[in-house]
Amino acid sequence: MASTSPATNGDAAPANYDLVLKLAPHLDRHMIFPLLEFNAGRLKEDETDKAREILAAKYALLKKTNMTDYVANLYCELEGLKEPPAEYAERRQKVFHQLEKYEQETAKITELLQRDDVVNNLRSDKVANLEFLKKEHDVTIDMVNALYDFGQLQYSCGNYADASELLYRFRVLSTDNDKVSYATWGRLACEILSMSWESAMEELQKVRESIDTRLANNPLAQLQHRTQLVHWALFPLFNYDKAREPLLDLFFNAGFINTIQANSPWILRYLTVAVITNRGRAKNAGVQQKQMKDIVRIVKQEAYEYQDPVTRFVHALCIDFDFEEAQHQLVLAEEVLRSDFFLLAHADDFVDSARHLIFESYCKIHARISLKDLSARLGLNNDDAEKWIVNLIRDTRLDAKIDYKEGTVVMNHPPSSVYQQVIERTKGGFFRTQVLTAAVAR
């Protein structure tokens, strides 16, 4: 009979699993740029056509920004020119004039917000704050809005730290809820691009609260905003260790996991890697185990919507109990991770954690395991497999030993009460039934 695995034809090159075109519509143009840079850096010297495609994509991406000097350089490189056309110098001058204009318009309010005697008189009531500033310091609503416009201009120029500060000051004073929401998204983008991960997490939480409350009566808008937030959250998720658990909690929240399944199933790659590599790091082992079970369930549900070697690995190991296919998909998954902007740094960790999963699953079925057989399941040679198992036994205090004479790993199960034995035998019987069912189905 045919295998129940969603696909075993996943031998395509890693480039075929590139998700940039899936991710890009949900990212700000400034966030897409590092993904293009990453892809450009992976090209071989003879891949000149692809290099030109990426160069053209960079230019198309940034030509509408105010990063005039960089855009001019891209244009020269694309067209083979030594000097950019005069229009770029004119545009550069125009941007400088705009910066000077907003600098003057926001100078007074910026100076006031740096004075302790003014800040100490501000309260949580924004209306009262504006009345105070208007009465005591002649501040107008136009001055407050100029902070927002100046922040947008600085962001467009690539000055993310300055833009973040301006948007923060605007948000402190503005009573325009829509603009405050946009400013919060803007600050999140600034903190991500500045790699200020702690601040990014604070802004991300504010955005989430805004989505949950302000858009509660607009399900379509909620879906769209949650989709965007999930994509933006990939940056701190894989660059900031302290973000791992709170963001996994966010992704597995009912509203967000439904969003992923309905609107962006490719995020399953990142969610699966995050959960598997969180083994041993999670503060709450029970939560991690539940997340792993949820991943298995969702991978099975979405197998005909989205799959890649990462999800196929989970399907083969945890649903089909096909160890050979799991090992095959793990080799492919490692290649995919090493060609993914977000996952490159986590490839080794993923492979090691995946081998732990294979080992644990294999040990549930066998009490005595051939080292030769196990090394094949783990994708290691005999010597490396032996060292890996020795380290695993030492680090995790696994109740097992290696019989060097017989060339086997022996799992030791401590004696338990009759009651516990009945429970364990029932568990084991259920697991073996699943394995046999999967085997028959193949």
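Considering (1) more than 23 Å from Phe38 (Cα to Cα); (2) open to solvent by less than 10 Å² (accessible area, probe 1.4 Å), the lone condition that Leu343 does not fulfil carries the number (1).
Somewhere in region 318-336, is a residue β-branched (Val, Ile, Thr), under 23 Å from Ala40 (Cα atoms) and open to solvent by less than 10 Å² (accessible area, probe 1.4 Å)?
Applying the first criterion (β-branched (Val, Ile, Thr)) to region 318-336 yields 319, 331, 336.
When the remaining residues are screened for being under 23 Å from Ala40 (Cα atoms), the result is 336.
Right, trim to open to solvent by less than 10 Å² (accessible area, probe 1.4 Å) and you get 336.
Yes, the conditions are met somewhere in region 318-336.
Is region 296-304 home to any residue that is in contact (Cβ under 8 Å) with a residue 24 or more places away in the chain, within 16 Å of Ser353 (Cα to Cα), open to solvent by less than 40 Å² (accessible area, probe 1.4 Å) and of a type outside the set (A, V, I, L, M)? No, region 296-304 contains no residue that is in contact (Cβ under 8 Å) with a residue 24 or more places away in the chain, within 16 Å of Ser353 (Cα to Cα), open to solvent by less than 40 Å² (accessible area, probe 1.4 Å) and of a type outside the set (A, V, I, L, M).
Region 195-300 holds helices (runs of 4 or more DSSP H) entirely within its bounds, and those carrying 2 or more residues that are over 21 Å from Pro25 (Cα atoms) and out of contact with any strand residue (DSSP E or B) (no Cβ under 9 Å at 6 or more places or on another chain) map to 197-214, 244-252, 267-277. Which one is surrounded by the most Cβ atoms within 10 Å (Cβ to Cβ) among residues in region 195-245 that are under 18 Å from Tyr270 (Cα atoms) and of a type in the set (Gly, Ala, Ser)? Among those residues, the one meeting the criterion is Ala233.
Working carefully through the options Leu74, Leu62, Leu81, find the one that is within 18 Å of Arg29 (Cα to Cα) and free of Cβ contacts under 8 Å to residues at least 24 places away in the same chain. Explain how you work it out, then say what you get.
Numbers: Leu62 fails: free of Cβ contacts under 8 Å to residues at least 24 places away in the same chain; Leu81 fails: within 18 Å of Arg29 (Cα to Cα).
When all the criteria are applied, what remains is Leu74.
Of the listed requirements (1) open to solvent by 60 Å² or more (accessible area, probe 1.4 Å); (2) assigned to a helix (DSSP H, G or I), Asp46 misses just one: (2). The lone criterion from (1) farther than 22 Å from Leu23 by Cβ; (2) charged (D, E, K, R); (3) in contact with a helix residue (DSSP H, G or I) (Cβ under 6 Å, 6 or more places away or on another chain) left unmet by Arg269 is number (1). Only a single criterion out of (1) under 22 Å from the mean Cα position of the chain (by Cα); (2) surrounded by fewer than 15 Cβ atoms within 10 Å (Cβ to Cβ) is not satisfied by Phe33, namely (2).
Here's the yes/no breakdown for (1) outside any helix (DSSP H, G or I); (2) crowded, with 18+ Cβ neighbours inside 10 Å; (3) over 31 Å from the mean Cα position of the chain (by Cα); (4) at pLDDT below 90:
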residue	(1), (2), (3), (4)
Leu81	yes, no, yes, no
Tyr88	no, no, yes, no
Arg91	no, no, yes, no
Ala107	no, no, yes, no
Val127	no, no, yes, yes
Lys134	no, no, yes, yes
Val144	no, yes, yes, no
Ala161	no, no, no, no
Phe170	no, yes, no, no
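Return the pair list, or none, for Cβ contacts closer than 7 Å from residues in region 269-289 that are touching a residue at least 40 places away in the same chain (Cβ under 8 Å) and on the phi < 0 side of the Ramachandran plot to residues that are open to solvent by 10 Å² or more (accessible area, probe 1.4 Å) and acidic (Asp, Glu), at least 6 apart or on different chains. What qualifies is Thr277/Asp349.
The values are calculated or read from the model by the stated rules, or taken from the named source; none is laboratory data. Just so we're clear, the structure is a prediction, and the values are computed from it rather than from any experiment. Every residue, glycine among them, receives a Cβ derived from its backbone with ideal geometry; neighbour counts consider all protein chains shown. Only protein heavy atoms, including side chains, enter the accessible area calculation; ligands, DNA and RNA are left aside. Shrake-Rupley method; radii C 1.70, N 1.55, O 1.52, S 1.80 Å.
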